[in-house]
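The values are calculated or read from the model by the stated rules, or taken from the named source; none is laboratory data. These numbers were taken from a predicted model, which means no experiment stands behind them. Backbone-built Cβ (ideal geometry, glycine too); neighbour counts: all protein chains shown. Each accessible area value is taken on the protein alone, full model and side chains, heavy atoms only, with ligands, DNA and RNA left out. Shrake-Rupley method; radii C 1.70, N 1.55, O 1.52, S 1.80 Å.
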Amino acid sequence: MPWPSRKRSQAATEDKKKPETKQAKHESHEESAMESSKPAEKSSGKVVKKEASSGGQGSKQTYSHWLLKSEPESRFEKGADVKFSIEDLKAEPNQTACWDGIRNYQARNFMRDMKLGQEAFFYHSNCKDPGIVGITKIVKEFYPDHTQFDEKDPHYDSSSSKEKPKWSMVDVQFVRMTKRFIALSELKAHHQEHKESGGPLKNMLLFSRHRLSIQPLTKEEFEFILTLEEKPR
DNA sequence: GCCAACGTTGGC
DNA sequence: GCCAACGTTGGC
């Protein structure tokens, strides 16, 4: 299936290295056709621009901040460990990694909307303590995910081709750890409260698109979460 | 390990 | 294009 979560090593960043490998989840589909046609896509695309939360009523608001899920604990997928914690990111050259292995159209489309310099929360998922642990920034906009062409990679996609790559990835660089761990449970409590009060987390996708490993955040959502850093829980 | 949510596949 | 079956994500 499609899904993704993770990313992995290598970074192409400035130096152009080639990518390495990594993974995330995988799966496949067909390209463009799918893109346009599948449900996920459409929703995603649109969501991105419009919705938004605050503000935007009809207009299209563009997301400028993101949340990236990654699994900090070992888990094997087709023989490969998908573990990639924020500590792993910090250990990469330039503290930068390519976010490969994303095999979900909605998540892929969000990656394609990511712009240089935008920030993303690094979220630990499928682990003992799920929540936000740090902040990263986009240091390379989308380009083909090399793992789709590698038959030995868990995320190989035989339906994709170098001429028409189906899957994309971006490079992200570690910025800093959040001042404290911001647990999913804490975000959820605010989310529920905000649903009634109309607060900034009322529409946070973390609670409605459970399976989306790459999520857009509005500026208001991002900033509200940053204020949580300052308050001891 | 269980299970709810939800995306994908594939028959028709 | 609908929809049931299936598979995956990911919290608990």
Query - Residue check, A:Asp157 part of a helix (DSSP H, G or I) and either in contact (Cβ under 8 Å) with a residue 60 or more places away in the chain or farther than 27 Å from A:Glu223 by Cβ (or both) - result: no
Requested in this report: Go through segment A:73-82 and give me each residue that's in contact (Cβ under 8 Å) with a residue 60 or more places away in the chain and at negative phi.
Outcome: A:Glu77, A:Ala80, A:Val82
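If the requirement is being open to solvent by less than 20 Å² (accessible area, probe 1.4 Å) and among the basic types (Lys, Arg), which of these qualifies: A:Arg108, A:Arg112? Give the derivation first.
Details: A:Arg112 fails: open to solvent by less than 20 Å² (accessible area, probe 1.4 Å).
Answer to the check: A:Arg108.
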